[in-house]
1. Can you name every residue in segment 11-61 that is over 16 Å from ASP103 (Cβ atoms), of a type in the set (Gly, Ala, Ser) and not in a helix (DSSP H, G or I)?
2. State all residues of segment 317-344 that are part of a strand (DSSP E or B) and crowded, with 24+ Cβ neighbours inside 10 Å; if no residue qualifies, say none.
3. List, please: which pairs have Cβ atoms under 7 Å, are six or more places apart or on different chains, and start with a residue in segment 299-322 that is touching a residue at least 40 places away in the same chain (Cβ under 8 Å) and within 17 Å of PHE133 (Cβ to Cβ) and end with one that is surrounded by fewer than 20 Cβ atoms within 10 Å (Cβ to Cβ) and among the aliphatic types (A, V, I, L, M)?
4. Give the residues of segment 206-224 that are touching a Pro at 6+ places or on another chain (Cβ under 9 Å) and outside any loop (DSSP other than H, G, I, E, B), sorted by residue number.
5. Return the pairs, sorted by first residue and then second, in which the second residue is assigned to a helix (DSSP H, G or I) and among the small types (Gly, Ala, Ser), the first residue lies in segment 344-359 and is more than 16 Å from SER104 (Cα to Cα) and free of Cβ contacts under 8 Å to residues at least 40 places away in the same chain, the beta carbons are less than 9 Å apart, and the residues are 6+ apart or on different chains.
6. Being of a type in the set (Gly, Ala, Ser) and over 30 Å from GLY188 (Cβ atoms) narrows it down to one residue among GLY9, GLY15, GLY81, GLY48; which is it?
7. Is it the case that segment 157-177 has a residue that's open to solvent by 10 Å² or more (accessible area, probe 1.4 Å) and modelled with pLDDT of 95 or more?
8. Could you grab me the full set of residues in segment 21-52 that are small (Gly, Ala, Ser) and open to solvent by less than 40 Å² (accessible area, probe 1.4 Å)?
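The values are calculated or read from the model by the stated rules, or taken from the named source; none is laboratory data. Owing to the predicted nature of the structure, the values given are computational and were not obtained by experimental measurement. Cβ placement follows ideal geometry from the backbone for every residue including glycine, while neighbour counts extend to all protein chains displayed. We work out accessible area using only protein heavy atoms, side chains counted, and drop any ligands, DNA or RNA first. Shrake-Rupley method; radii C 1.70, N 1.55, O 1.52, S 1.80 Å.
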Amino acid sequence: MPARVVLLGATGHTGGRTAAALTARGARPVLAGRDPARLVPLADRLGGPAEPLETAAADVTDPGSVRALLGAGDVLVTTVGPFQRLGEAAVAAATDAGAVYLDSTGEPPFLRRVFEEFGPQAEDSGARLLTAFGHDYVPGVLAGALALAEAGDRAHRLDVGYSLDGVRGQGFSRGTLVSLVGVLLEQGHAWREGRLVEEPAGARDWRFDVAGRTRRGLSVGGSEHLALPGLSPSLREVGVYLDWFGPATPVAHRLAPLAPWIGRLPGATARVEQLADLVGRRFAEAPTTQGEARTHVVAEVRDRSGARVARVRLLGPDPYELTADLLAWGAVRAAEGEVAGAGALGPVQAFGLDELTAGAATAGLRPA
């Protein structure tokens, strides 16, 4: 029998879509939250009036309540963010239980913490931690892995660019926008000269071509920096860039060097959270693009001389549809016992490149 799947965050925009994607793939997740009564309408709708989905109480600010839900081999999916503030209880509970863990974070400090702090603990408990298993940053990991496979031992530098088309109105949910404020003001990371280094978000930019137009992306700390170097011993540089800021790109790029200094100011973290909450209150809970946005991801590999030796471009649906389907696919495969290894794992390490490519295609992410 497949393992049990528990979903945290189903009352949010991303979580609700993930719950629907899970049931569409034949899973019957346990919907968990602080107030199970709020989950009942969704449980009835997705499970059917005769057999609604199970609901359970769990508070992400109370690690014990999350831990009480999980047993060894269970699958925990969480979309509750900002993860830097609210994510620790879920990953700690999954690690302690020896469960499989998937989340939707795109926050560099948190995903790095999953790899560096919780990863070694998970190796001991047998847990498997798959952080950033959505639009952030499975497409870039997949495109990068495909490009590295094509480049072979010529790979020296890998650049990954994300862009969106078809965004009209509010392109991101309130939760994403709140997290994005934190991403811009928290310390990021990159892979430089064969090692992981700290680097402020937006410190570098990269221009890449998508659909006949040149895009300008700002650097961000992704899971690509942590998951891809192990696939290519010759790889010395990894950069990940987001073309999401439009006319604000030059301003964000110029302000990037200030981020580490802002973080050192007394009370800076609390002020960043207050700013994020203020930004969030000005936006709707859900994006208004109604699925019209499309995801573009480009990965380019260069050799030591700087010559391009491989290029992969992937095209996918809007980020929320893609995130929900990727989380659902990963959770179902995990419930079927298809995750390899233990500890903090990149998507390729967890499933293999061929299996990940096929799974991403079922979520609409394919070569362009």
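1. GLY26, ALA27, GLY48, ALA50, ALA56, ALA57
2. We begin by selecting, within segment 317-344, every residue part of a strand (DSSP E or B); these are 343-344.
Across segment 317-344, the qualifying residue is only ALA344.
3. LEU314/ALA368
4. As a first pass, look at segment 206-224 and keep what is touching a Pro at 6+ places or on another chain (Cβ under 9 Å): 216, 219-223.
Once the filter is applied, which keeps residues that are touching a Pro at 6+ places or on another chain (Cβ under 9 Å) and outside any loop (DSSP other than H, G, I, E, B), segment 206-224 yields ARG216, SER219.
5. Taking only residues 6 or more apart or on different chains, the pairs are PHE351/GLY330; PHE351/GLY359; GLY359/GLY330.
6. Values: GLY9 fails: over 30 Å from GLY188 (Cβ atoms); GLY15 fails: over 30 Å from GLY188 (Cβ atoms); GLY81 fails: over 30 Å from GLY188 (Cβ atoms).
Sole residue among the options that is of a type in the set (Gly, Ala, Ser) and over 30 Å from GLY188 (Cβ atoms): GLY48.
7. Taking every residue of segment 157-177 in turn, at least one turns out to be open to solvent by 10 Å² or more (accessible area, probe 1.4 Å) and modelled with pLDDT of 95 or more.
8. Taking segment 21-52 first, the residues small (Gly, Ala, Ser) are 21, 24, 26-27, 32-33, 37, 43, 47-48, 50.
The answer is ALA21, ALA27, ALA32, GLY33, ALA43, GLY47, GLY48.
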